[in-house]
Amino acid sequence: MSQQERVTSFELSYDGSSYSQHEMDAALLGKVLMSTASLLDDANNILNGDNSSIDLKVKAHQPGSFEILFEAVQNAASIDVLSTLGLVKAAGAGSALGTVMAVVEAVRGRTITSVTYDDRKAELSVNGEVITCSKNVALLATSPTIRKGFDKLIHEPLNQDGTSTFKSMIGGVEQSLVTKGAEESYRAPKLGQIEKTTVETINGAVHFTKVNFVSKSGWKVKLGSGNEVAVRMDDETFLEKVNKNITKFSKDDLFNVIYRIETKELNGNFKRPRYFIEKVERHLTSSNKKIL
């Protein structure tokens, strides 16, 4: 085993009257094996890119219930697919919604209408409720292929008579558990059109090329890249100070500001980015003209 590899041995177990003889229908077993491989492969491609890989091997079956032993191998530097999905517990995990399985159960089969990403987190809108999780978890939870994989792995088996629980384990220690009656959360939803918004916050210097002293709209700035863009002025304190010093304001003056860029995407189509000035921190000009 290479030192650069992360190797995780885990078990998937189905309990219930159908497995009293430690047997599983061959067609169902085939679906479980294929869906597990596809689920991990799809999740790895989303989290780590097409050039990364995750190898999955099936080991000998253990007696009792019906357990399938797997060994997953991926680059140690890549994002851990199994813990992000929730099939194994991450060391030191503290977030209640730190896994895809936790988010799926919080969504409870409802429609995700939009998701907003920033550098630290993602917010999913579900029937007026906001569910907060990590960006990586949100990427998987809103992926049709990932949700279909959970459908085949959890929903379909638990929806059959004779299957009462699904669980994943490492060395006999339970990692996740879904009981009969809770499987509906794992049914593949009709995700429909999900509007995705990416938010980037930047601290930088700008020139104001167009101002509106009485409204948040109607402003334009020239960015450090030289691009001129329309912005909304959300710093009300700055608006007030500009009004009090209007004769000393010049479009050639340079300001250090905190601004955010919101980019919306719907079904692969990106809308024009929107810019918002959150705070004007400093007026970078000669002392006799400073208003901040």
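The values are calculated or read from the model by the stated rules, or taken from the named source; none is laboratory data. Please read all numbers here as calculations on a predicted model, not as lab measurements. When we count neighbours, we look across all protein chains shown, and the Cβ atoms used for this are built from the backbone with ideal geometry, even at glycine.
Quick notes on this one:
- Residue, nearest to the chain's Cα centre (by Cα), within segment 212-228, restricted to residues that are surrounded by 14 or more Cβ atoms within 10 Å (Cβ to Cβ) and closer than 17 Å to Asn256 by Cβ: Leu223
- Residues in segment 170-184 that are exposed (fewer than 14 other Cβ atoms within 10 Å of the Cβ) and assigned to a helix (DSSP H, G or I): Glu184 alone.
- Test: residue in segment 190-203 that is at pLDDT 80 or above, over 30 Å from Pro144 (Cα atoms), within 25 Å of the chain's Cα centre (by Cα) and not charged (D, E, K, R): yes
- Put simply, of Arg147, Arg120 the only residue that is without any contact (Cβ under 8 Å) to a residue 60 or more places away in the chain, crowded, with 20+ Cβ neighbours inside 10 Å and either part of a loop (DSSP other than H, G, I, E, B) or of a type in the set (Lys, Arg) (or both) is Arg147.
- Residue match in segment 110-117 (condition: surrounded by 15 or more Cβ atoms within 10 Å (Cβ to Cβ), in contact with a Phe, Trp or Tyr (Cβ under 6 Å, 6 or more places away or on another chain) and more than 20 Å from Glu200 (Cα to Cα)): no
- Annotation note: of Val130, Val173, the sole residue that is more than 18 Å from Lys89 (Cβ to Cβ) and either among the β-branched types (Val, Ile, Thr) or modelled with pLDDT of 95 or more (or both) is Val130.
- Residue in segment 13-33 that is touching a Gly at 6+ places or on another chain (Cβ under 8 Å), farther than 18 Å from Thr165 by Cβ and crowded, with 18+ Cβ neighbours inside 10 Å present: no
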